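Read through the structure below, which is laid out as structure tokens, and then see the notes.
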Amino acid sequence: MLLSSAVDGKGLPLHRRLVAGIDRLNGWVGTGVAWLGAAMIVVGAYNAIARKVDQFSGLSLSSNAYIEAQWYMFSLLFLLGAAWTLREDGHVRVDVLYGRLGPHGKARIDLAGTVLFLMPFCAAALWFSLPSVLNSWQVREISPDPGGLPRYPLKLVLPAALVMIALQGHAMATRQLDILRGRQ
């Protein structure tokens, strides 16, 4: 449920401009990380071919770095794509009652889910993940595998993703409140 009239943000109240800005940010990030799927395929195919060539030729074309790069892209795709998926209402939903409800009933359920589950989850996950992320940066954590990639930059993505999901949850809650107040 995109606030399509608020894409440019002109002439709108501050809270709607904020919602439009959050939607735009998560749209840009979601579009960007969607390309990681193609990059993962290319890196994975190269690595598979390189390993076979290595077996027969004795060359050293493959590396643990390629495998880890593929996993890093996978992590980025799902962590940074989660807020965009939330924006597009693409997450799994158990639709026993929800589909039968009107806009106000759906808004109540979405608002309750956001306030009671999504926001507390983001806050708790951020709280519990930050010590690990900070420690990883302090020690400049690296892969335990020979030729692997540094781990600490990737670990920073988790709190960033949680903040983006929480921001999108805020935008969602704002839209639901507008629906309940009859402003949308």
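Details
- Matching residues in the range 73-85 - criterion: being without any contact (Cβ under 8 Å) to a residue 40 or more places away in the chain and crowded, with 19+ Cβ neighbours inside 10 Å: 73
- Residue identified as touching a strand residue (DSSP E or B) at 6+ places or on another chain (Cβ under 9 Å), of a type in the set (Gly, Ala, Ser) and either in a loop (DSSP other than H, G, I, E, B) or loosely packed, with under 14 Cβ neighbours inside 10 Å (or both) among 148, 182: 148
- The set of residues in the range 29-43 being surrounded by 13 or more Cβ atoms within 10 Å (Cβ to Cβ) and either hydrophobic (A, V, I, L, M, F, W, C) or more than 28 Å from residue 87 (Cβ to Cβ) (or both) consists of 29, 33, 34, 36, 39, 40, 43.
- As a summary of the residue check, residue 65 satisfies the conditions (1) closer than 21 Å to residue 143 by Cβ; (2) touching a residue at least 24 places away in the same chain (Cβ under 8 Å); (3) within 20 Å of the chain's Cα centre (by Cα) except for the one numbered (3).
- The range 86-105 - residue that is in a helix (DSSP H, G or I) and in contact (Cβ under 8 Å) with a residue 40 or more places away in the chain and, of those, surrounded by the most Cβ atoms within 10 Å (Cβ to Cβ): 87
- Pair list, Cβ < 9 Å and 6+ apart or interchain, from the range 18-47 residues that are basic (Lys, Arg) to residues that are not in a helix (DSSP H, G or I): 24/7; 24/9
- Which listed residue, of 70, 55, is exposed (fewer than 12 other Cβ atoms within 10 Å of the Cβ), modelled with pLDDT under 95 and part of a helix (DSSP H, G or I): 55
- Any hit, the range 12-27, residues being out of contact with any helix residue (DSSP H, G or I) (no Cβ under 9 Å at 6 or more places or on another chain) and not hydrophobic (A, V, I, L, M, F, W, C): yes
- Every test in (1) within 19 Å of residue 75 (Cα to Cα); (2) in contact (Cβ under 8 Å) with a residue 40 or more places away in the chain; (3) within 15 Å of the chain's Cα centre (by Cα) is passed by residue 156 save one, and that test is (2).
- Of everything listed in (1) more than 27 Å from residue 40 (Cα to Cα); (2) part of a loop (DSSP other than H, G, I, E, B); (3) touching a helix residue (DSSP H, G or I) at 6+ places or on another chain (Cβ under 6 Å); (4) not hydroxyl-bearing (Ser, Thr, Tyr), the single unmet condition for residue 118 is (2).
The values are calculated or read from the model by the stated rules, or taken from the named source; none is laboratory data. Just so we're clear, the structure is a prediction, and the values are computed from it rather than from any experiment. All Cβ positions, even for glycine, are placed from backbone atoms using ideal geometry, and neighbour counts span all protein chains on display.
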